[in-house]
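Remarks on the structure that follows.
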Amino acid sequence: MLADRKIPFSESKEQEWELLKQKTEGGIELMLEDSQRWFLATTEGEGIRITSAEKNVRPLTVRESPLIKFDEFKRVAEIYNESFFGGIGDLSARLETHKSSPNMRYLFMMIYNLI
């Protein structure tokens, strides 16, 4: 599913980050493609808090409720398009980002659905 949507990110990625925070302000539930389970993303201060879904019947169990900040979003946004539209050589960038961003799958779904 994710491979069908290329995002025209701004140079700084700040516009997209502000858009995500705006769209998650009241809380929004999104589904992870790999597990078919739902999580809740809610703006909290300067970040976005990830918790288990409250309304959907297949909630994802989120044990530590991470708070995603701009720097993590920027790392993921920088490899988002290349992950789906680049060549085989781009796999190493995705793996490196995955190591430094434990919340990459949440961010991928928020980028795909909200930007």
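Quick one: net charge around residue 22, please, counting Lys, Arg +1 and Asp, Glu -1 for every other residue with C-beta under 14 Å from its C-beta. With Lys, Arg at +1 and Asp, Glu at -1, the neighbours total -4.
Mind checking the dipole of the chain: about its Cα centre, +1 per Lys or Arg Cβ, -1 per Asp or Glu Cβ, Debye to the nearest 20? Roughly 340 debye, rounded to the nearest 20. For the chain, give the percent of accessible area contributed by carbon and sulfur heavy atoms, probe 1.4 Å, rounded to a whole number. Reported share for carbon and sulfur atoms: 49 percent.
Once the 1.4 Å probe is applied to the protein heavy atoms, the chain comes out at 58 Å² accessible per residue. Mean separation of Cα pairs under 8 Å and 6 or more residues apart, divided by the residue count, gives the chain a relative contact order of 25 percent.
Under the rule a/c < 1.5 gives rounded, and otherwise a/b versus b/c splits prolate from oblate, where does region 1-51 land using the Cα gyration tensor? Oblate shape, in that a/c is at least 1.5 and b/c is the bigger or equal ratio.
The values are calculated or read from the model by the stated rules, or taken from the named source; none is laboratory data. The shown structure was predicted, so the numbers you read here are calculated from the model rather than taken from an experiment. All Cβ positions, even for glycine, are placed from backbone atoms using ideal geometry, and neighbour counts span all protein chains on display. Accessible surface is based on the protein model in full, side chains and every heavy atom, while ligands, DNA and RNA are left aside. Shrake-Rupley method; radii C 1.70, N 1.55, O 1.52, S 1.80 Å.
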